[in-house]
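Here's the structure, in structure tokens; my notes come after.
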């Protein structure tokens, strides 16, 4: 590359994001538990709606996402005019950084936070800042201590990925109230649907002008392959984000599938209940053989081992048995493995392999 052709500041500092693996060399039949996907797949209604939409693929999609925003608003009790839709919540995160952070600004997040916070901050030319956590939980005092007059965005995933832990609304309110005037608190609710009675921060957003939330259809709704997400916040913030959003960022198929998925509340309730049942079962089964995890509020658990060497050895044993989980050294947790919650058969298989691994090492 010519020395005169240089990317914007921060771009070359980005380490490329690596998604969860889906193949094991030499193994034909694998069970993928590395990307926190819904093992039951999307709602049959979503599949039907997506299939019907294909006949009109020669037409440009609606640019205002009005039907999808209305469906989200109807189910969750949100004002559709304060919603913005994107290609996964990742795109909403990128919009926020593009619109509110730049060179000389800081983007703050907990040390074990989602990797896209740092990536999107660097892409916007801003400086990413990681605040320490306490026992793998978001530490509000640490975030407040790290906030400066250069802080523009503060990302908090609740529940957090990859730890599965979360903080209560009282702490989130204290964080929102204590941030500098120019800072926006972003509540990443990718796993909010798995928490009974949790609105993702909607009530806090309605009460304040410095909080937004992001949500996704990739987890509970099983539409990760279509990339659909949304954000909710003060009208003024959503207006800003829509100014940087491409007019055709969601296809007709994406919009049709998501509209049908969120309306099928019975199917969502079924997936939520099965996930909680087998998440708790797997956590207890691993605890019984000496592999603890924090209580998880997502569709995964973060299994802890004695050290990085044991975690890596266990991962190899799982792969030998056709099971793909996620190493999380990139999140600063080299002694852990993140295990997505599969169906009953998958959970029992994971528990059996790890139990055998621990027994062999004893």
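Just to be sure I understand, how many residues within the stretch 16-36 are more than 23 Å from the chain's Cα centre (by Cα) and at positive phi?
Start the filter on the stretch 16-36 by keeping residues that are more than 23 Å from the chain's Cα centre (by Cα), which leaves 24-30.
Now restrict to residues that are at positive phi: 26.
The number of residues fulfilling the criteria is 1.
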Checklist entry - Just a yes or no: is a residue in the stretch 289-297 within 24 Å of residue 133 (Cα to Cα), outside any loop (DSSP other than H, G, I, E, B), outside the structural domain of residue 157 (by TED's automatic domain parsing) and modelled with pLDDT of 95 or more? => result no
Checklist outcome for this item: Taking the stretch 306-350 and keeping only residues that are assigned to a helix (DSSP H, G or I) and farther than 20 Å from residue 27 by Cα, one is left with 308, 309, 310, 311, 329, 330, 331, 344
Checklist entry - Is it the case that residue 64 is over 24 Å from residue 201 (Cβ atoms) and in the same structural domain as residue 119 (by TED's automatic domain parsing)? => result yes
Checklist entry - Can you find even one residue in the stretch 257-269 that is out of contact with any helix residue (DSSP H, G or I) (no Cβ under 7 Å at 6 or more places or on another chain) and surrounded by 23 or more Cβ atoms within 10 Å (Cβ to Cβ)? => result no
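Let's see how each residue does on (1) touching a residue at least 60 places away in the same chain (Cβ under 8 Å); (2) closer than 28 Å to residue 327 by Cα:
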{"site": "76", "(1), (2)": "yes, no"}
{"site": "88", "(1), (2)": "yes, yes"}
{"site": "91", "(1), (2)": "yes, yes"}
{"site": "94", "(1), (2)": "no, yes"}
{"site": "97", "(1), (2)": "no, yes"}
{"site": "105", "(1), (2)": "no, no"}
{"site": "110", "(1), (2)": "no, yes"}
{"site": "114", "(1), (2)": "yes, yes"}
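In this structure, is residue 167 under 23 Å from residue 296 (Cβ atoms) and buried (at least 23 other Cβ atoms within 10 Å of the Cβ)?
Details: under 23 Å from residue 296 (Cβ atoms): yes; buried (at least 23 other Cβ atoms within 10 Å of the Cβ): no.
No: the conditions fail for residue 167.
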Next on the checklist: Given the condition out of contact with any strand residue (DSSP E or B) (no Cβ under 6 Å at 6 or more places or on another chain) and in a helix (DSSP H, G or I), answer yes or no: does some residue in the stretch 18-37 qualify?
Outcome noted: no
Checklist entry - Hey, does the stretch 136-156 have a residue that's in contact (Cβ under 8 Å) with a residue 40 or more places away in the chain and on the phi > 0 side of the Ramachandran plot? => result yes
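The values are calculated or read from the model by the stated rules, or taken from the named source; none is laboratory data. The structure presented is a predicted model; accordingly, all values stated were derived computationally and were not measured. With ideal geometry, Cβ positions are generated from the backbone for all residues, glycine too; neighbour counts draw on all protein chains shown.
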